Amino acid sequence: MIHVCRKEHFNAAHKLWNPNWSEEKNKEVFGPCSNVNWHGHNFELIVTVKGKPDPETGFVVDLKALSTLIKELVIDKVDHKNLNMDVDFMKGKMASCENLVVEFWKILEPAINNIVSEGSLYKLTLYETPRNFVEYYGE
């Protein structure tokens, strides 16, 4: 099995805030991420597709097609946006990386499965900072 990865980049703002908690508790749990005026990140999204190379092309997935799909379905919707306020699929959800990567999976999995004949979406890795990231395998 071959794993093929494509990395995309986007910038977005968000705030971690539980409306059921006091301002003090939000600050205690989320620290500066609860800033009333939001804060931003330079995110990196790595999409990993697993599969067998097509005998005619040698590709597991056409990386140009994969890049286009990721940009159209995800990046264009989140880049230079406020994740809490501007992104439809995040409405009513805590804008954590954990929740964000799950929503990305829901969007990308069926679309990627349509462009890969002998494979599927394997993993999403979302970097919020160079040292903080989440991985999701669709489970």
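What follows draws every value from the coordinates through simple rules; no lab data is involved. All values reported here derive from a predicted model rather than from experimental measurement. Ideal geometry is used to build each Cβ from the backbone, glycine not excepted, and the neighbour counts take in all protein chains shown.
When the helices of the chain are scored as -39500 (n - 2.57) per DSSP H run of n ≥ 4 and the total is divided over every residue, the value at 222 nm lands at -8000 deg cm²/dmol.
When we measure straight from the Cα of K123, which aspartates and glutamates land under 12 angstrom away, once same-chain ones fewer than 8 places off are left out? Straight-distance partners of K123: E109, E135, E139. For N35 and M94, the difference between the fully extended length at 0.36 nm per residue and the C-alpha to C-alpha distance is 19.8 nm. The radius of gyration of the Cα set in the stretch 14-56, together with its Dmax, comes out at 19.2, 60 angstrom. Principal axis analysis of the Cα atoms in the stretch 2-136 yields extents of 60, 25, 22 Å, listed in decreasing size. Approximating the spin labels as points 7 Å out from Cα along Cα→Cβ, the D86-to-T68 distance works out to 2.5 nm. For the pair T48 and E109 in one chain, pulling the backbone fully straight at 0.36 nm per residue adds 20.9 nm over the alpha carbon distance. Here's the picture: a label point sits 7 Å out from the Cα of H9 along the beta-carbon direction, and within the stretch 79-100 the residues with their amide nitrogen under 16 Å of it are 79-81. Largest GNM mean-square fluctuation among E23, E56, E118, using the chain with Cα springs under 10 Å: E56.
Mind counting lysine pairs for me in the stretch 45-95? Cα separation below 17 Å, and the two need to be 8 or more apart along the chain or on different chains.
Details: K50/K64; K71/K81; K77/K91; K77/K93; K81/K91; K81/K93.
Qualifying lysine pairs in the stretch 45-95: 6.
Around E103, with a cut-off of 12 angstrom between Cβ atoms, what is the net charge of the other residues, counting Lys and Arg +1 and Asp and Glu -1?
Residues close to E103 contribute a combined charge of +1.
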